[in-house]
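Down below is the structure, laid out as structure tokens.
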Amino acid sequence: MPSGMTGTRHARFAPSPAALAVWALVAVVAPAAAQTRDEPYGFARGRVTFGGEIAGSVAPRDDEAFFNYTDYERDTLRMARLRLFGQWRIAQPVSLVGELRTENADQLDLSALYLRWRPLASREFDIQIGRIPPVVGAFARRAYGRDNLVIGLPLAYQYLTSLRPDALPGSVDDLLRMRGRGWRPAFPIGSQSVAPGVPLVSATRWDTGIEARWKTGWIETAAALTRGAPAVPVVRETNGGRQWSARAAVHLPLGMTIGVSGARGQWIEDDVLALVPEDRREHSTQSVLGTDVEYGVGHWLVRAELLRSVFQIPILAMPSETPLTAWSGFVEARYRWHPRWQVAGRAEKIDFGALLGTAGVPTPWDAPVTRLEGVVGFRATRAIELRAGWQHNWRDAGRIHERGSPAVQVLYWF
Amino acid sequence: MVRPLAALVLAALAVAGTPATVPRAGSIRGQVVVPHTPVAAARPSVADLWTTRPDPVDRRRSVVYLDSAPRQAFEELRPGRAKMDQRGQQFIPRVLAITVGTTVDFPNSDSTFHNAFSLAPAGPFDLGRYRPGRTRSIRFDRPGIVPVSCDIHSHMSAYILVFNHPFFAVTDEDGRYSIPGVPSGPYTLAVWSEIGRPATRKVTVVDGDTVEVNFQVGRSGS
């Protein structure tokens, strides 16, 4: 927990991340001394199965730049995370799927819980109802640690912009004053509590609704109707809007997968919309378009994503509605030169559309960030991986414009 | 239980009965009973489509072998080629026993990419990701146990046992095995199973006879 955040609605007991990392390491080594099980843990004759992942990351404290904070107000480079996945096969076509997650051991979140129904046994067609995986983009559906090539999360899915769903700027200048302060933006309309901004797409929280997924041959499609928005997934209703999202992907024979996705949902809460004139309230949606590519052949794995987000926001002092555009993209690659050793890196950027404030100079509504991260990984066993790397960030505004940081991580899955 | 079978490595050194001439042969057969056959079902995933259990399940899971072998056994090794298929997100067979110098082909018979690898000291390798219809191969030059996994599908696993003599057998679906052509003499017979500790029995092979040796393997070994 960074300084200055105590007393907020998110303040919780937070043990030292370093101590937690040691705890995670001990938790890793003990069970890993035995063989990693080939079958998942389970009972009820295999009807209930579960597995999990422990990830402990350690890096120097970042109380000034907040480059790696998530919407849980935690630093992804200083975190101990436990994920437990479970599945209860209720009947042949129906199962209950869930994930329990704790970060820094301060509370337990039911981050996913949904019914999965396969109506046609011969078809890879699932209907999922509940708190479901996100459809837009590709990164958010991957396991946090094992399938993440580096230690940090991509900017598009983690970096906190200055926008809040519960508070609105009264003018363009109000918004521009918060550039580079997504960890604690404050606005005159709506909630006056201290709270973080939102990322373009949340990777750490999932939305609630219904989703259909279908895979046949080389084509995979998904469509969902949920309650929140890409940046603001919700369990409880905060507004009357609905989010539509869809993705289509083609798996090419050469090892390449290309996906396109889109989503549109209302991201601003009704409580704050009630404070703006009625004719402005409909300007409260977020639209996201994305494309993702994965290419994995031999000892190489290369991925890239590009997301473009448009936030509609009813800024009172503006005569016409100006949508807030943002885009973020990354390219990442991993090369494994030995069964135990690998090197990986990610280059990424998040940028924002320009607005005209009273100064008359076009200015991006939030501060663009560029990030480079490189990691060397070592597979100690099949299920234990150690990583060490360096992440460097550059930002055009905010208290800190540039910051580099080493980070190490221990991963264990079972 | 995966553990380096020191006996496999030591077999080259701890040569039993070292007869000066080729002895006449008998055979060893029997059954290995294991209480539980692990099924490599996929771990639950909250982000993927429903994955079903593999069908059929390969139940050939144990290997019976001579812990020490006649000296001439090492001179008669004829390494060749073996195959470990990748089909239905399983390695088939799940347990493969070969002699030192054998090249194992890993065809990808699925519709998805696979990436077989092992971190075993006896034969670390990483075949990389390759597409359906392709085959990649690796030669095993050191005796020992080589657990094999898929880097893409965490529930896929298999074992390759590499011997420096030819006196071994993988059990069949019912746990039965037969090791023919064993030169006469006293031996230590061992069984390896992925879920239990290796167990051993003293046996004496008599020319023209068949010795029956059964094993009961438990989780803690027996």
In region A:161-179, which residue that is in contact with an Asp or Glu (Cβ under 7 Å, 6 or more places away or on another chain) and surrounded by fewer than 24 Cβ atoms within 10 Å (Cβ to Cβ) is farthest from A:Val410 (Cα to Cα)? A:Asp166
If I go through region A:391-406 residue by residue, how many of them are in contact with a Gly (Cβ under 6 Å, 6 or more places away or on another chain) and at pLDDT 95 or above? 3
Take A:Phe330 and tell me if it is part of a strand (DSSP E or B), touching a residue at least 12 places away in the same chain (Cβ under 8 Å) and within 27 Å of A:Met256 (Cβ to Cβ). yes
Pick from region B:161-200, criterion β-branched (Val, Ile, Thr) and more than 14 Å from every other protein chain (Cβ to nearest Cβ), ranking: farthest from B:Ala120 (Cα to Cα): B:Val182
Can you name every residue in region A:169-219 that is aliphatic (A, V, I, L, M) and either part of a loop (DSSP other than H, G, I, E, B) or out of contact with any Leu (no Cβ under 8 Å at 6 or more places or on another chain) (or both)? A:Met178, A:Ala186, A:Val194, A:Ala195, A:Val198, A:Leu200, A:Val201, A:Ala203, A:Ala212, A:Ile219
Here is a list of conditions, (1) in contact with a strand residue (DSSP E or B) (Cβ under 7 Å, 6 or more places away or on another chain); (2) surrounded by fewer than 23 Cβ atoms within 10 Å (Cβ to Cβ), and A:Asp147 meets all of them except one; can you say which number that is? (1)
Tell me the strands (runs of 3 or more DSSP E) entirely within region A:333-414 that contain at least 3 residues that are among the aliphatic types (A, V, I, L, M). A:341-352, A:354-356, A:369-379, A:384-395, A:402-413
Residue set A:Arg141, A:Arg116, A:Arg101; condition more than 9 Å from chain B (Cβ to nearest Cβ), without any contact (Cβ under 8 Å) to a residue 40 or more places away in the chain and either closer than 21 Å to A:Ala156 by Cα or surrounded by 15 or more Cβ atoms within 10 Å (Cβ to Cβ) (or both); output residue A:Arg101
For the list (1) at pLDDT 95 or above; (2) within 14 Å of another protein chain (Cβ to nearest Cβ), I need the number of the one condition that B:Val46 fails. (1)
Only strands (runs of 3 or more DSSP E) wholly contained in region B:159-207 count here; list those with 1 or more residues that are hydroxyl-bearing (Ser, Thr, Tyr) and out of contact with any Ser or Thr (no Cβ under 6 Å at 6 or more places or on another chain). B:176-183, B:185-193, B:196-205
Among residues belonging to region A:257-271 that are hydrophobic (A, V, I, L, M, F, W, C) and either within 14 Å of chain B (Cβ to nearest Cβ) or outside any strand (DSSP E or B) (or both), point out the one that is nearest to the chain's Cα centre (by Cα). A:Trp267
Taking A:Thr76 as the residue in question, decide whether it is away from chain B (no Cβ under 14 Å), modelled with pLDDT of 50 or more and within 16 Å of A:Pro196 (Cβ to Cβ). yes
In region A:194-231, which residues are of a type in the set (A, V, I, L, M, F, W, C), touching a helix residue (DSSP H, G or I) at 6+ places or on another chain (Cβ under 8 Å) and at pLDDT 95 or above? A:Leu200, A:Val201
Has region A:372-388 got at least one residue that is surrounded by fewer than 21 Cβ atoms within 10 Å (Cβ to Cβ) and within 21 Å of A:Trp327 (Cβ to Cβ)? yes
Test result for B:Ser111, among the hydroxyl-bearing types (Ser, Thr, Tyr), at the interface with chain A (Cβ under 9 Å from one of its Cβ atoms) and crowded, with 22+ Cβ neighbours inside 10 Å: no
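So which residues in region B:89-108 are crowded, with 16+ Cβ neighbours inside 10 Å, in a loop (DSSP other than H, G, I, E, B) and either at positive phi or not charged (D, E, K, R) (or both), if there are any at all?
B:Gln89, B:Pro93, B:Val100, B:Thr102
Looking at this structure, is A:Leu254 part of a loop (DSSP other than H, G, I, E, B) and closer than 28 Å to A:Gly345 by Cα?
Spelling it out, A:Leu254 is indeed part of a loop (DSSP other than H, G, I, E, B) and closer than 28 Å to A:Gly345 by Cα.
The values are calculated or read from the model by the stated rules, or taken from the named source; none is laboratory data. Not measured: the values here are computed from a predicted model. Glycine also receives a Cβ, built like all others from the backbone with ideal geometry; neighbour counts cover every protein chain displayed.
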